[in-house]
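As structure tokens, the structure follows; a few thoughts come after it.
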Amino acid sequence: MNDNLIDKSFVKNPGNSDGILNGRAFKFGDNISTDLIAPGRYFHLRSNLPELAKHVLEDADPQFAEKVKMGDIVVAGKNFGLGSSREHAPTIMKLAGVGAVLADSFARIFFRNSINIGLPVLVCDTSSIDQGDSLKIDLKSGIIKNISKNTEIKFNPLPDVMIKILSDGGLVEHITKNKGFNL
């Protein structure tokens with residue numbers, strides 16, 4: 001994707017250097033494909049990502065783009081992001097305001113693309129999270145607090161270097177800011 005096509009004012013970073021994320025859960029099922037995230041019928045909008053973001057996940061939830069607020073969290077089951085390697089799929093999720101994606105498992109390419117653009121994706125057991133639950137994620141400690149249910153879910157904590165990349169807004173921004181990797 002040509003990075004110059006993204007209006008940087010739309011790419012807001014929901015995270016921060018302390019690795020704490022807060023948001024409301026939007027629950028989806030298994031096998032959410034990149035075509036469900038970025039519907040193919042809007043392929044012509046791939047050079048206008050803010051416009052494409054208005055259609056994010058609309059085939060899975062037609063009102064998602066209207067309901068999502070900055071920092072909200074997409075929660076899914078198995079194999080999130082399967083299908084083509086559309087790198088604009090995680091980008092438009094981030095543009096729409098998604099602060100993180102939690103799933104039982106991810107398609108490999110979607111996972112890599114998400115980290116590269118600064119969207120936290122975490123593998124964890126999502127079965128106890130319901131639509132609308134209020135979540136607090138600590139990327140450093142590996143704990144998701146479900147504020148609505150007063151429960152905790154554990155995941156593998158992210159290494160400091162990954163938190164730096166995410167808090168910088170993605171790999172390109174991290175390299176630009178640090179004139180290389182800041183490991």
Using 24 Å as the Cα-Cα cut-off, could you pick out the over-long pairs in K78/K136; K54/K149; K27/K149; K67/K145? K54/K149
Exposed loop trypsin sites (Lys or Arg not before Pro) only (DSSP loop, at most 16 other Cβ atoms within 10 Å): please give the longest stretch of the chain free of them, not including the sites. 79-139
Hey, rough spin-label estimate for N150 and D130, points 7 angstrom out along Cα→Cβ, what's it come to in nanometres? 1.6
Applying the gyration tensor rule to the Cα atoms of the range 50-183 (axes a ≥ b ≥ c; rounded if a/c under 1.5, else prolate if a/b exceeds b/c, else oblate), the class is oblate
Please work out how much length the chain gains when fully extended from D18 to D104, using 0.36 nm per residue of separation minus the C-alpha to C-alpha distance, in nm with one decimal. 28.5 nm
For labels at I143 and H44 in the simple 7 Å Cα→Cβ model, what's the distance in nm? 5.1
Full-extension gain in nm, V123 to K69, via 0.36 nm per residue minus C-alpha separation: 17.2 nm
At a threshold of 8 angstrom on Cα-Cα distance, excluding pairs fewer than six apart, so keeping six or more, what relative contact order does the chain reach in percent? 24
Estimated dipole of the chain in Debye, rounded to 20 [Cβ of Lys and Arg +1, of Asp and Glu -1, Cα centre]: 300
Collect residues whose amide H, placed 1.01 Å from N in the peptide plane, falls under 5 Å from the amide H of L122; neighbours closer than 5 in sequence don't count. V101, L102, A103
If r is the Cβ-Cβ distance from S85 to K177 and R0 is 30 Å, what FRET efficiency results, to the nearest 0.05? 0.70
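Since every read-out is calculated from the coordinates, none of them should be taken as a lab result. What you see is a predicted model; the values in this text were computed from it and never measured. Cβ atoms come from the backbone with ideal geometry, glycine included; neighbour counts cover every protein chain shown.
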